[in-house]
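The values are calculated or read from the model by the stated rules, or taken from the named source; none is laboratory data. Because the structure is predicted, anything quoted here is derived from the model rather than measured. A quick note on method: Cβ atoms are made from the backbone with ideal geometry, for glycine too, and the neighbour counts reach across all protein chains shown. To get the accessible areas, we keep the full protein, side chains included, count just its heavy atoms, and leave off ligands, DNA and RNA. Shrake-Rupley method; radii C 1.70, N 1.55, O 1.52, S 1.80 Å.
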Amino acid sequence: MASLGLPALRGPCIGLAVLLCLCSLKSVSGQARYSVPEEQAEGSFVGNIARDLGLDVQRLVSGNARIVTKGSRQYVDLNRDKGILVVKERIDREELCKKTTPCSFSFEVILENPIQLYRVIVEVTDEMHLKIVETAAPGTRYALQRADDSDVGLNYIQKYSLKPSDHFKLEMQSQSDGSQFVEMVLITPLDREKDEEHALVLVASDGGTPPRSGTARIHITVLDINDNAPVCSKQVYKAEVQENSPVGTVVTAVSATDADKGVNGEVTFTFAHVDQEAKNLFDVDKKTGQIKITGSLDYERSKSYQLNVLASDHGGYSDTCKVIIQVTDVNDNSPIIQLMSFSSTISEDALPGTTVAVINVHDEDSERNGLVECSINNDLPFKIESSLSGYYSIVTDDMLDRESVSEYNITITVTDKGSPPLSNRKTINVKVSDNNSPGFSVFTVRARDADWGQNARISYFLEEKQIHGASLTSLVSVNSESGVISAAKSFDYEQIKMFEFNVTARDAGSPPLSSVVPVKILVQDQNDNGPQVLYPVQTGGSLVAEMVPRSADVGYLVTKVVAVDVDSGQNAWLSYKLQKAADRALFEVGLQNGEIRTIRQVTDKDAVKQRLAVIVEDNGQPSRSATVIVNVVVADSFPEVMSEFTDFTHDKEYNDNLTFYLVLALAVVSFLFITCVVVIISVKIYRWRQSRVLYHSNLPVIPYYPPRYSDTLGTATLPHVYNYDTCRTTDSRKSDIKYMQPMSQSLVSVDDVGTESALFFLSFFSEA
């Protein structure tokens with residue numbers, strides 16, 4: 001019998017071995033047979049002994065199962081806990097069996113309580129291992145181990161065969177000494193990505209009778225080369241993450257596959273062509289492809305990010321995928337209240353509608369989370385009004401009385417519409433100042449008289465005069481006994497700055513003596529008027545915008561804010577400033593003159609539409625202010641400006657109302673027109689029908705006798721004179737009207753005209 005590298009086993013030995021096995025199996029409870037390739041690593045699986053012998057694993061443990069061998073070496077070990085056999089030490093087929101084939105060894109498994117004996121036979125198979133790179137060219141030869149056969153002549157090895165033979169074929173080669181050896185030749189290319197391993201069987205057959213053969217297994221491992229690029233699982237990944245997500249949050253994970261193996265199939269992930277801002281916020285794990293947050297996201301700063309992830313292997317091949325991350329807004333910003341202008345003191349005679357404070361409210365969040373509602377205490381004589389977008393004015397809602405309430409604490413509450421809503425509060429203190437209300441004591445005049453008694457009794461009087469067209473007594477009064485001069489009304493510095501009058505002191509003597517003293521009253525100015533903006537004019541329905549060319553130089557004059565303050569002195573000194581200046585502001589406003597100029601060159605990044613909020617503030621104590629919005633369009637041509645006007649909407653409600661009233665007016669006019677047309681047509685049809693009835697009636701005309709007409713048989717006269725004018729036509733459809741001469745004091749009768757009836761028009765003129 002032929003063997004690969006081993007001598008053939010002789011026939012008499014086989015019979016003896018079989019006889020010995022039959023004799024020993026009489027006392028064996030069971031038997032199992034396994035095969036294991038040579039050179040297997042320690043711990044390699046041989047077989048499941050518990051299952052194959054029909055034993056429970058607990059029986060192996062309780063029966064203290066163990067292996068008993070005949071020799072000194074034990075190649076297989078028993079794992080009682082799992083009930084399996086594993087390789088204990090390396091098995092060398094040539095060392096174990098020399099040239100004997102088949103090669104096997106046996107041992108017994110013994111269990112106690114009760115005692116049971118099982119025989120296990122393990123066959124060691126011959127196996128050759130070849131490693132072939134997948135780029136090996138067809139025609140590459142691989143020498144195989146030669147088979148040995150102790151026979152000679154025809155009983156010696158005659159042929160070799162290989163199964164399967166898809167990729168390889170066998171060729172015999174002769175040596176100089178006349179011996180032969182076999183080579184395996186590659187006939188078709190290998191592809192590790194399709195088949196990583198190939199298992200072949202080499203059969204050597206002799207020419208004896210009966211023919212004998214030996215087999216050997218050939219295990220071929222196809223070695224990989226880096227011939228495949230990584231491929232991303234998706235070309236575009238999309239993910240959403242909330243802006244308040246903590247650092248370390250996994251946003252998404254990209255994946256890629258490489259058909260290569262080992263080092264060539266290892267894929268690493270990195271960012272490619274990603275701006276620095278995104279690199280500061282995100283990081284990708286080189287091995288897993290997980291993208292994590294490494295910074296603080298802010299929806300208001302950026303709503304989305306695009307990351308390019310490069311998947312590359314160690315051979316220089318790569319693939320790129322896109323990751324689009326949408327940042328979702330959360331209500332993480334509380335509204336901010338800025339006090340733009342505030343009068344801590346207000347006069348008690350301030351009229352309703354007087355502005356106390358101007359505030360600016362904004363929320364860094366977007367959409368609904370950025371919408372805010374502003375309110376103040378309901379139990380105060382103040383109310384809050386929205387003047388411009390984001391600006392609110394706190395004004396008086398009723399008359400104030402310092403004697404009742406001398407100060408007020410106004411709490412401003414701002415709440416957004418997010419979920420959950422966030423709010424902010426700010427409290428301002430407003431003091432009510434006393435004013436020269438009617439009856440307020442201005443000055444006291446005192447006079448002395450050296451006389452005694454009635455002659456020393458002094459009375460005080462005002463000399464009547466006109467001051468700025470008003471009576472003196474309408475301004476001041478004097479107590480006739482004490483000489484106290486009191487204000488009859490509240491003074492207004494903007495109307496009367498100073499006035500003079502005389503006070504007469506007169507005694508009660510006979511004759512009375514008097515003395516006159518002049519009194520001069522100076523009215524002091526208070527900062528009770530806020531600035532008034534004259535330009536640009538703020539209207540609800542129209543739009544005023546300034547145009548700035550893109551080629552404008554630094555210092556280009558855009559416009560000038562013009563404002564006045566009717567107060568005097570430092571109360572009328574005005575200063576100008578921008579409400580909110582950005583880091584790269586394009587404009588500035590002159591502090592004293594209100595001129596808006598450019599402070600740098602215009603760039604392509606500058607927005608076409610600019611909305612500037614200019615605050616005009618006086619120098620009074622406390623100061624008062626006004627805010628004006630200046631719309632600026634950065635453009636080089638008027639059509640470009642017009643294309644941007646649609647977004648400058650000052651008062652949408654005004655436009656909506658105007659449209660409604662125009663439509664309503666059009667509907668009313670249309671209704672009246674249609675009604676008039678219907679009425680006219682109806683009258684025409686009615687008159688036409690009446691004329692047709694008269695035309696076809698053929699009835700004589702019955703004369704009409706006016707009132708107070710008496711019988712003419714007796715007197716043949718009328719008590720009054722009546723004139724009758726008649727006219728007729730023979731056919732109203734064909735002829736014009738013919739007028740007849742009037743007949744006085746007689747009644748005209750009309751003859752029957754047959755089929756052509758006459759149409760009469762009678763006009764009566766009565767004369768008393």
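The residue that is nearest to His129 (Cα to Cα), among those in segment 36-60 that are assigned to a loop (DSSP other than H, G, I, E, B) and among the hydrophobic types (A, V, I, L, M, F, W, C), is Ala41. Filtered by the rule that a residue be surrounded by 18 or more Cβ atoms within 10 Å (Cβ to Cβ), under 23 Å from Asp191 (Cβ atoms) and hydroxyl-bearing (Ser, Thr, Tyr), segment 212-242 gives no residues.
For segment 480-510, filtering for residues that are open to solvent by 50 Å² or more (accessible area, probe 1.4 Å), modelled with pLDDT of 90 or more and either under 25 Å from Trp452 (Cβ atoms) or part of a loop (DSSP other than H, G, I, E, B) (or both) leaves 1. Quick check: is even one residue across segment 219-242 closer than 23 Å to Glu38 by Cα and charged (D, E, K, R)? So far as segment 219-242 goes, no, none of its residues is closer than 23 Å to Glu38 by Cα and charged (D, E, K, R).
Taking each residue of segment 195-207 that is in contact (Cβ under 8 Å) with a residue 60 or more places away in the chain and looking for partners that are part of a loop (DSSP other than H, G, I, E, B) and basic (Lys, Arg) with beta-carbon atoms closer than 8 Å, six or more apart or interchain, yields Glu196/Lys261; Ser205/Arg212; Asp206/Arg212.
Answer yes or no: is there a residue in segment 388-407 that is charged (D, E, K, R), within 26 Å of Asn331 (Cα to Cα) and without any contact (Cβ under 8 Å) to a residue 60 or more places away in the chain. No, because not a single residue in segment 388-407 is charged (D, E, K, R), within 26 Å of Asn331 (Cα to Cα) and without any contact (Cβ under 8 Å) to a residue 60 or more places away in the chain. Among the residues of segment 106-139, those that are open to solvent by 30 Å² or more (accessible area, probe 1.4 Å), under 22 Å from Ser72 (Cα atoms) and either in contact with a helix residue (DSSP H, G or I) (Cβ under 6 Å, 6 or more places away or on another chain) or not charged (D, E, K, R) (or both) comprise Ser106, Ile110, Leu117. Scanning segment 675-705 for residues that are at pLDDT 65 or above and among the aromatic types (Phe, Trp, Tyr), we see that the one that is least open to solvent (accessible area, probe 1.4 Å) is Tyr695. Please verify whether Val533 is assigned to a loop (DSSP other than H, G, I, E, B) and under 20 Å from Asn631 (Cα atoms), treating the condition exactly as stated. For Val533, the condition - assigned to a loop (DSSP other than H, G, I, E, B) and under 20 Å from Asn631 (Cα atoms) - is not met. When Leu339, Leu371 are screened for being over 27 Å from the mean Cα position of the chain (by Cα) and hydrophobic (A, V, I, L, M, F, W, C), only Leu339 passes. Among the criteria (1) buried (at least 17 other Cβ atoms within 10 Å of the Cβ); (2) in contact with a helix residue (DSSP H, G or I) (Cβ under 6 Å, 6 or more places away or on another chain), the one Gly295 does not fulfil is (1).
In the set Val330, Val231, only one residue is within 30 Å of His362 (Cβ to Cβ) and of a type outside the set (S, T, N, Q); that residue is Val330. For segment 193-206, filtering for residues that are small (Gly, Ala, Ser) and surrounded by fewer than 16 Cβ atoms within 10 Å (Cβ to Cβ) leaves 1.
The criterion of being more than 30 Å from Thr125 (Cβ to Cβ) and surrounded by 19 or more Cβ atoms within 10 Å (Cβ to Cβ) holds for Ala256.
All of (1) loosely packed, with under 14 Cβ neighbours inside 10 Å; (2) within 30 Å of Phe491 (Cβ to Cβ) hold for Glu367 with one exception: (2). The selection criterion, being assigned to a loop (DSSP other than H, G, I, E, B) and closer than 30 Å to His129 by Cβ, holds for Asp227.
Against the numbered list (1) farther than 30 Å from Gln524 by Cα; (2) crowded, with 16+ Cβ neighbours inside 10 Å; (3) among the hydrophobic types (A, V, I, L, M, F, W, C), Val616 comes up short only at (1).
Of everything in segment 464-479 that's touching a strand residue (DSSP E or B) at 6+ places or on another chain (Cβ under 9 Å) and open to solvent by less than 70 Å² (accessible area, probe 1.4 Å), which residue is nearest to Gly509 (Cα to Cα)? Give the derivation first.
Residues of segment 464-479 that are touching a strand residue (DSSP E or B) at 6+ places or on another chain (Cβ under 9 Å), as a first pass: 464-465, 467-468, 472-479.
Then keep just the ones that are open to solvent by less than 70 Å² (accessible area, probe 1.4 Å); that gives 467, 472, 474-478.
Working: Ile467: 32, Leu472: 28, Ser474: 30, Leu475: 30, Val476: 27, Ser477: 24, Val478: 21 Å.
That would be Val478.
Looking only at residues of segment 306-335 that are part of a strand (DSSP E or B) and open to solvent by less than 20 Å² (accessible area, probe 1.4 Å), we find that the one that is farthest from Asn264 (Cα to Cα) is Val327.
Contact map, segment 179-190: first residue surrounded by fewer than 17 Cβ atoms within 10 Å (Cβ to Cβ), second residue in a strand (DSSP E or B) and not charged (D, E, K, R), Cβ cut-off under 6 Å, separation 6 or more or different chains; pairs are Gln180/Met172; Gln180/Ser174; Phe181/Gln173; Glu183/Ala143; Glu183/Gln173.
Which count do you get for residues in segment 449-479 that are within 15 Å of Pro512 (Cα to Cα) and either of a type in the set (A, V, I, L, M) or free of Cβ contacts under 8 Å to residues at least 24 places away in the same chain (or both)?
Adding up the residues that qualify gives 5.
May I ask you to verify whether Gln290 is modelled with pLDDT of 90 or more, more than 22 Å from the chain's Cα centre (by Cα), of a type in the set (S, T, N, Q) and more than 22 Å from Pro420 (Cα to Cα)? Can you show your working first?
Values: modelled with pLDDT of 90 or more: yes; more than 22 Å from the chain's Cα centre (by Cα): yes; of a type in the set (S, T, N, Q): yes; more than 22 Å from Pro420 (Cα to Cα): yes.
For Gln290, the condition - modelled with pLDDT of 90 or more, more than 22 Å from the chain's Cα centre (by Cα), of a type in the set (S, T, N, Q) and more than 22 Å from Pro420 (Cα to Cα) - is met.
Within segment 40-58, the set of residues being open to solvent by 40 Å² or more (accessible area, probe 1.4 Å), farther than 9 Å from Gly83 by Cβ and either in contact (Cβ under 8 Å) with a residue 40 or more places away in the chain or among the aliphatic types (A, V, I, L, M) (or both) comprises Gln40, Ala41, Glu42, Gly43, Phe45. Scan segment 175-224 for residues that are part of a strand (DSSP E or B), modelled with pLDDT under 85 and not β-branched (Val, Ile, Thr) and the total you get is 11.
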